[in-house]
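S.K.: Have a look at the structure that comes next, please.
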Amino acid sequence: MRGAVRALALVLALAPGGVAPLPAQEVEGGGGASLQTFLVTMGPGADVYERFGHNAIWIRDTTSGLDLVYNYGTFDFDEPGFVGRFVFGRPRYWLDVGTIDGTLRLYAHRQRDVVVQELALSPAKRAELAIRLAENILPANRSYDYDYYRDNCSTRVRDILDLVLGGALRSTTAGVPGEGTLRFHTQRSVSNDPAMYLGILAAFGPSVDRPLDQWGEMFLPAKVQQRVRELRVPDGRGGEMPLVLREDTLLAVGAFAVESGRPDWSGPLFGAGVLIALASLTGMIRGAGGIPGRLVAGAWLLTSGIGGGILLFLWFATDHRAATGNLNLLLLSPLALAVLPGIWRRGAAGRWSRAARAGYGVSLLAGGVAALLPSLFTQQMGEIAAIAVVSGVAALLVASGAQPPTRASAAAASLRPGAATNAAR
């Protein structure tokens, strides 16, 4: 214990921003009596990485006036190699420390709400929390491999609180059904950004469609806030008391919010698919009149094929566990690239071209069936299927029947009975 306290004093002395150290003897001798501990919850913001909210732990010393806000969600886009690590599903985040004033200035600038909950921990538990956080911020401990669902700013806060509470947070939430799935919470959080919404919807596989319990749901800061608010702990007199002593709103901007339920874009996406299909089918018109339609059909096949390649990359070449086993590969298939030449080339009627079209057609059919039976195939695919099936079928029809006649077929036509008479007329 003494070694941990000395580590606490050292860390606080070296904390960023010139934060003064908390004298070790105050924690050791006072047993944490002068400390206050708060869960800090930040509301959603404008950017995609802000949409899920944020949280931190605030340790305040009522004797010295010192305050430290521990933030597990620190990253730097400009850090060498960060983008590459993120693409491959291995980004590095770290624990940082600041002050409550600095935190409020930052979140006021970002127009995000801030709520604090003072925790009814015993002095010994307050000291333990402060020491564990100080140990976490040591250079050897502060960085971690970030996972947006399983190891993020919120799960780290959840885990350290649960540790200090002797497992009380986990024992009251593990196995208790949560509100939805990872996909459900992701969709409602990023619905303000259509491109990001569709990209995430397509990129994630069946693992994000499994029902969550309340413990797993605490990858969201708002869920940690809610579960802490509900938790009761021993009061030291044989009874129980709420873990939250008081709850205060330090910033109430109200600029951003997330939807309470999962949006369903199946209707608009199906409408877009129908428009793409109708435009594509004009590509079956012979000659110049069919060029616009062939362009639309080709653009869809190119989009589908490249999208399928990205899904394969995410599944097999990265550590993005949420992208594993993604059945959307049936709808956004790399086979579409093999079908693409049939939109334009005269010689696309060969064996390989027919095989590519057959494979793509079977893939679309299987994807459509899987989308209609989500409980059987354990993945929600309806919204992607709504646009992909009808668009893909139309493009496939164009690729199958839009080839202009060859010289041989023209010669054969001239030999048909009555051809000479018709020509003479």
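S.K.: Among 251-261, 116-126, 365-375, how do they line up by average Cβ neighbours within 10 Å per residue, starting with the highest?
M.R.: In decreasing order of mean packing, 251-261, 116-126, 365-375 become 116-126, 365-375, 251-261.
S.K.: Give the angle, between 0 and 90 degrees and rounded to the nearest 10, that separates the Cα long axis of helix 2-13 from the longest principal axis of the Cα atoms of the chain.
M.R.: Taking the Cα atoms of the chain, the angle to 2-13 is about 70 degrees.
S.K.: Moving on to the next point. How much net charge surrounds D151 when only the other residues with a Cβ under 13 Å from the Cβ of D151 are counted, with Lys and Arg +1 and Asp and Glu -1? Numbers along the way, then the final one.
M.R.: Details: positive: R90, R92, R150, R156, R158, R321; negative: D145, D147, D159, D319.
Around D151, the surrounding residues sum to +2.
S.K.: Leaving out ligands and nucleic acids, and using a 1.4 Å probe, what accessible area per residue does the chain come to in Å²? Could you put the intermediate results ahead of the total?
M.R.: Numbers: 20110 Å² over 425 residues.
Solvent-accessible surface per residue comes out at 47 Å².
S.K.: What is the Cα centroid distance between segment 379-403 and segment 240-292, reported in whole angstrom?
M.R.: 20 Å
S.K.: Viscosity 0.890 mPa s, temperature 25 °C: Stokes-Einstein D of segment 125-219 from its Kirkwood Cα radius, in µm² per second? It would help to have the intermediate numbers written out before the result.
M.R.: Details: Rh = 15.2 Å.
In µm²/s, the coefficient is 162.
S.K.: To continue, here is another question. Given springs between every Cα pair under 10 Å in a Gaussian network model of the chain, which of I59, I285, I387 has the largest fluctuation?
M.R.: Ranking I59, I285, I387 by mean-square fluctuation puts I285 first.
S.K.: Mind checking which of R286, R227, R188 has the largest fluctuation in a GNM of the chain, springs on alpha carbons under 10 Å?
M.R.: Of R286, R227, R188, the Gaussian network model singles out R286 as fluctuating most.
S.K.: What's the ranking of 79-90, 137-148 by average number of surrounding C-beta atoms within 10 Å, highest first?
M.R.: Details: 79-90: 13.3, 137-148: 15.0.
The packing order, highest mean first, is 137-148, 79-90.
S.K.: Something else: So how compact is segment 68-163: Cα radius of gyration and Dmax in angstrom?
M.R.: 14.8, 44
S.K.: For the chain, what does the helix formula give at 222 nm: sum of -39500 (n - 2.57) over DSSP H segments with n ≥ 4, over the residue count, nearest 500 deg cm²/dmol?
M.R.: On the way: 18 runs with 202 residues, N = 425.
Value at 222 nm, helices only: -14500 deg cm²/dmol.
S.K.: For the chain, find the longest principal axis of its Cα atoms and tell me its angle to the long axis of helix 100-109, 0 to 90°, nearest 10.
M.R.: 30 degrees
S.K.: Carbon-plus-sulfur fraction of the accessible area of segment 119-266, 1.4 Å probe, in percent?
M.R.: Details: 3440 of 6600 Å².
C and S fraction of accessible area: 52 percent.
S.K.: Okay, moving on. To test your reading of the geometry: what angle, between 0 and 90 degrees and rounded to tens, separates the Cα axis of helix 153-164 from the longest principal axis of the chain?
M.R.: 40 degrees
S.K.: If you average the alpha carbon positions of segment 323-367 and of segment 158-193, how far apart do those two centres end up, in angstrom?
M.R.: What the calculation gives is 40 Å, centre to centre.
S.K.: Convex hull volume of the Cα atoms in the chain, per residue, in Å³?
M.R.: Values: hull volume 71.8 nm³, N = 425.
Output value, Cα hull per residue: 169 Å³.
S.K.: If I take every Cα pair under 8 Å that is 6 or more residues apart in the chain, average their sequence separation and divide by the length, what percent do I get for the relative contact order?
M.R.: Answer for the chain is 15 percent.
The values are calculated or read from the model by the stated rules, or taken from the named source; none is laboratory data. Note that the structure is a prediction, hence the values are computed from the model and not measured. No Cβ is skipped: glycine too gets one built from the backbone with ideal geometry, and neighbour counts run over all protein chains shown. Each accessible area value is taken on the protein alone, full model and side chains, heavy atoms only, with ligands, DNA and RNA left out. Shrake-Rupley method; radii C 1.70, N 1.55, O 1.52, S 1.80 Å.
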